[in-house]
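Taken together, the values in this text are just the output of simple stated rules run on the coordinates, not laboratory data. A quick note: this is a predicted structure, and the numbers were derived from the prediction, not measured. As a convention, Cβ positions derive from the backbone with ideal geometry for all residues, glycine included, and neighbour counts pool all protein chains shown.
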Amino acid sequence: MKQALRSIAVFAIAFGLAGPAGAEERKLSAAEIEQALSGNTVDGDWKGTAFKQYFAPDGGTTYVAAGSPPSIGKWKVDAEKDQYCSWWQGTGWDCYNILSGGKDSIIWEVPSDGYRANSTVLSGKKL
């Protein structure tokens, strides 16, 4: 129980959840990205398609888009650029900025075109 409460507290600090819901967006650091994603799931929408994605602590990831079978890939954090990076068969590695999005949420940002997608971070594996 103490470990679960500690994890929630660290998670809340990483996202600024203790502050006001309308807090200003900011790019997360590599350490904050790692803390937020490792062992957790995000639930969101990518260009009109609902998805859930789990980020295993060992660098594996499972992406499930609505109506599609799961895709298995890899993930890591680029400490030099403070970015999340994922690898998928057929596309290779791509990296994204991750911004704080307020209470329990993050914003994925594609550096090349500025596209943004909101998602909610769920504690644990919730596919």
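So how strong a dipole does the range 16-127 carry about its Cα centre when Lys and Arg Cβ are +1 and Asp and Glu Cβ are -1, to the nearest 20 debye? Can you show the working numbers first?
Values: 11 positive and 14 negative charges, 64 e Å.
Value, rounded to 20: 300 debye.
Can you list the trypsin sites (Lys or Arg not before Pro) in the range 55-113 that are in a DSSP coil and have 15 or fewer other beta carbons within 10 angstrom? Please report the intermediate quantities before stating the final value.
Details: sites: K74, K76, K81, K103; in loops: K81, K103.
Of the trypsin sites (Lys or Arg not before Pro), the ones in loops of the range 55-113 whose Cβ has at most 15 other Cβ atoms within 10 Å are K81.
Mind giving me the FRET efficiency for D45 and K81? R0 is 25 Å, r the Cβ-Cβ distance, nearest 0.05 is fine. Before the final figure, lay out the partial values.
Numbers: r = 25 Å, r/R0 = 1.00.
After rounding, the FRET efficiency stands at 0.50.
As a quick test, which of the pairs K47/K76; K52/K125; K27/K103; K27/K126 have an alpha carbon distance above 18 angstrom in this structure? Can you show the working numbers first?
Details: K47/K76 23 Å; K52/K125 10 Å; K27/K103 15 Å; K27/K126 25 Å.
Distance filter (> 18 Å) returns K47/K76; K27/K126.
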